[in-house]
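For reference, the structure is listed below as structure tokens.
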Amino acid sequence: MKINLSNNTKKFISEKMFGLFFEDINYAADGGLYAEMIENRQFSFRRSWAGSATNDYQTEYTPGYGWNIFGQQNSAEMEFIEGDALCEKNPHYMKFLVKNDTASFTNKAYDGVCLHSGASYNFTMWIRNPDYEGKITISCKTEDGTTTAITKEIKITKSKEWQKIENSFTAKTTIKNGTFILTQSKGTVDYGYISLMPADAVAGVFRKDLFELIKETRPGFLRFPGGCIVEGAVLSNRYNWKDTIGLPWERRWNWNRWSTHNIYMWTPGKLAKFFPYYNQSYGLGFYEYFLLAELMEAEALPVLSVGIACQFQTSEMVKIDSSEFEEYIQSALDLIEFANGDVSTEWGKVRAEMGHKNSFNLKYIGIGNEQWETDKVNFLERYTLFEKRIHEKYPEINLIGTAGPDVTSEKYTTAWNFFNKKIKENKKFTAAIDEHYYMNPQWFYDHIHMYDSYSREVPVFAGEYAAHTEHRENNLEAALAEAAFMTGLEKNADVIRFASVAPLFSRLNYTQWWPDFIWFDGDTSMGTPGYYVQKMFGKYTGTYYVEHSLENSGEKIFTSVTSDKKFYYVKVVNSSDKETSLDSICDKNKQLWLSSAKVYQLKGTSLDDKNCLSEKENIKLEKIKAAKKIGIPPFSATVIVIRKKKGIFSVN
């Protein structure tokens, strides 16, 4: 195979093109990226379920979920009380009465706590104990109780008011799926908040291994907080960013929209399983999302509700001539002030008090997630009202519209006709249109040239896409289909503003949606083959696309060539079962030296190959030795980094 580089005009590629889409699905936040190890730490959980009728979503307080008396049940009394709690937004607390000597209680902690020998952990609790003085002991043991990783005694004094207790300790041994135990002497203590966090959590918030995995993809942007979770199953369940800021124990808890939904029930080979106790503590809130984007040097791209609940779940919405709708618009304006306002503004002051004096430099906002126009739903009119009000006050903010949930129906056509018309009247009306497509692998191969014929008037945000195999496997087949499609995205970089696969995370045994980018449990994590594809494209993007032609490439070979001042980045995807080779690359009739290139390759022996937590690097991006001819194995994705001029090869 030979690649001939063209002298035609080169298309600029934004360094922010490939990014991440985060949604709190599959326990991605609590129990995932948010490093908190205690489940239901503020006794605020709700159980949720869907009824048989439209709009019928019900919840009940279950403040005792995850908490149990340890040992003899008659040794103590555990009561959950509403009112006079630590925080009005979360009105419950636990009263624990020990009858004789000592008694203990435990926390479910998802699948139990996982501690590593020599690692430190931070413990925080809020208690009220007007008549109790003495000690409280924290311990973490193996599930069978034979090994203790932590034992820490904490002395406390009497207090009629809520008092904050903080401590830290180091694990003496490694335990997995262990039991968290709090032991108290005779008497009564009110517990308002109990937290256990690893001391190495990035910024005190993000689970380190998960943070490092996503940072390694070098994301250009971070879209958050979703997804359907933005809209909510009903409006009372929507994601309201103002509920997610302030001190962790002051944030209003919410039940998770995905607690009542499981796509497996329609997927061959998957059993329906619901998660009625899937909640959101909002410990990972909008401030933390902005911080996460900043730490990864990515653009923050929040998505906001327009007063329409998830159209797949309900018909609920607020009327656009109502005071409730005005609150949604004002919420968007306040968010911009929170992100960018100086400390003299109301919301800029709140951000500064949370620890970030300087602006987050927010540039983009998504207006609506996956709404579409119907005879009853007036999404496009709502977008227009948001655009007018936001640009009156903040003309510099770029707004993202949506083409709905697919790219094949009348919903999509209606949206694009509307935005194409509006952009001719007002160039700032929208900065990009968000398109979503979850399709089988063959669809991605068939649509590699999908954007060749798109108008260049309005950019595209490929905001949610993923190849779904028959059984929704995170395998090499899906990864190669996505890689091939992404060569087409790079080719059309003049119309593709942003692109992100979805969803990002899934906790093992807590999954509502498959496939996913990164899998983890309480102890470890791993990237799927698709993760390594994203890492390859994110890390070796280049600054412009180079037109090129192929000779003797064979079938099922897909290529992209990008470049910057120092390097060419040549990507070759071979989805066939036949091996080939890259024999030469010619630039202006001059042959480039392949033997001095750096070559990284993702490959397997079968399209069914995949990673798992016990074999997490079965399929990964590996460095291979360059040669005069570079072998392109079957079922592989390869990136070849070629230095343009002699000198130090600094790329890694």
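Conditions (1) assigned to a loop (DSSP other than H, G, I, E, B); (2) closer than 26 Å to residue 27 by Cβ; (3) out of contact with any Phe, Trp or Tyr (no Cβ under 9 Å at 6 or more places or on another chain), marked per residue:
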position: 445; (1), (2), (3): no, no, no
position: 452; (1), (2), (3): no, no, yes
position: 464; (1), (2), (3): no, yes, no
position: 473; (1), (2), (3): yes, yes, no
position: 480; (1), (2), (3): no, no, no
position: 486; (1), (2), (3): no, no, no
position: 498; (1), (2), (3): no, yes, no
position: 513; (1), (2), (3): yes, yes, no
position: 519; (1), (2), (3): no, yes, no
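Listed here are the residues, each with its yes/no results for (1) in the same structural domain as residue 302 (by TED's automatic domain parsing); (2) touching a residue at least 60 places away in the same chain (Cβ under 8 Å); (3) within 29 Å of residue 318 (Cβ to Cβ); (4) not β-branched (Val, Ile, Thr).
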position	(1), (2), (3), (4)
367	yes, yes, yes, no
384	yes, no, yes, no
393	yes, yes, yes, yes
413	yes, no, yes, no
441	no, no, no, yes
447	no, no, no, yes
452	no, no, no, yes
479	no, yes, no, yes
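Pairs needed: first member in segment 331-351, in the same structural domain as residue 294 (by TED's automatic domain parsing); second member anywhere, β-branched (Val, Ile, Thr); C-beta distance under 7 Å; at least 6 residues apart or different chains. The qualifying pairs are 332/365; 332/390; 333/390; 336/397; 337/345; 338/350; 349/343; 350/245. For segment 1-112, the strands (runs of 3 or more DSSP E) that sit wholly inside it and include 3 or more residues that are among the hydroxyl-bearing types (Ser, Thr, Tyr) are 57-61, 90-107. Answer yes or no: is there a residue in segment 411-433 that is farther than 21 Å from residue 219 by Cβ, small (Gly, Ala, Ser) and modelled with pLDDT of 95 or more. Yes, the conditions are met somewhere in segment 411-433. Can you say whether residue 556 is over 20 Å from residue 446 (Cβ atoms) and surrounded by fewer than 23 Cβ atoms within 10 Å (Cβ to Cβ), as far as the supplied structure shows? For residue 556, the condition - over 20 Å from residue 446 (Cβ atoms) and surrounded by fewer than 23 Cβ atoms within 10 Å (Cβ to Cβ) - is not met.
With respect to residue 87, is the statement that it is over 27 Å from residue 236 (Cα atoms), within 29 Å of the chain's Cα centre (by Cα) and hydrophobic (A, V, I, L, M, F, W, C) true?
So residue 87 does not fit the description; no.
The rows are residues; the columns are (1) surrounded by fewer than 21 Cβ atoms within 10 Å (Cβ to Cβ); (2) part of a helix (DSSP H, G or I); (3) in contact with a Cys (Cβ under 8 Å, 6 or more places away or on another chain).
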position: 127; (1), (2), (3): no, no, no
position: 137; (1), (2), (3): yes, no, no
position: 167; (1), (2), (3): yes, no, no
position: 193; (1), (2), (3): no, no, no
position: 219; (1), (2), (3): no, no, no
position: 232; (1), (2), (3): no, no, yes
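Looking only at residues in segment 32-65 that are surrounded by 14 or more Cβ atoms within 10 Å (Cβ to Cβ) and free of Cβ contacts under 8 Å to residues at least 60 places away in the same chain, which one is farthest from residue 127 (Cα to Cα)? Across segment 32-65, the extreme among qualifying residues is 61.
Can you find a residue that is touching a helix residue (DSSP H, G or I) at 6+ places or on another chain (Cβ under 9 Å), of a type in the set (Asp, Glu), in a loop (DSSP other than H, G, I, E, B) and surrounded by fewer than 21 Cβ atoms within 10 Å (Cβ to Cβ) anywhere in segment 544-553? Yes, there is a match, as at least one residue in segment 544-553 is touching a helix residue (DSSP H, G or I) at 6+ places or on another chain (Cβ under 9 Å), of a type in the set (Asp, Glu), in a loop (DSSP other than H, G, I, E, B) and surrounded by fewer than 21 Cβ atoms within 10 Å (Cβ to Cβ).
The values are calculated or read from the model by the stated rules, or taken from the named source; none is laboratory data. Since this is a predicted model, take the numbers as computed values, not measurements. Cβ sites come from the backbone with ideal geometry, for glycine too, and all protein chains shown count toward neighbours.
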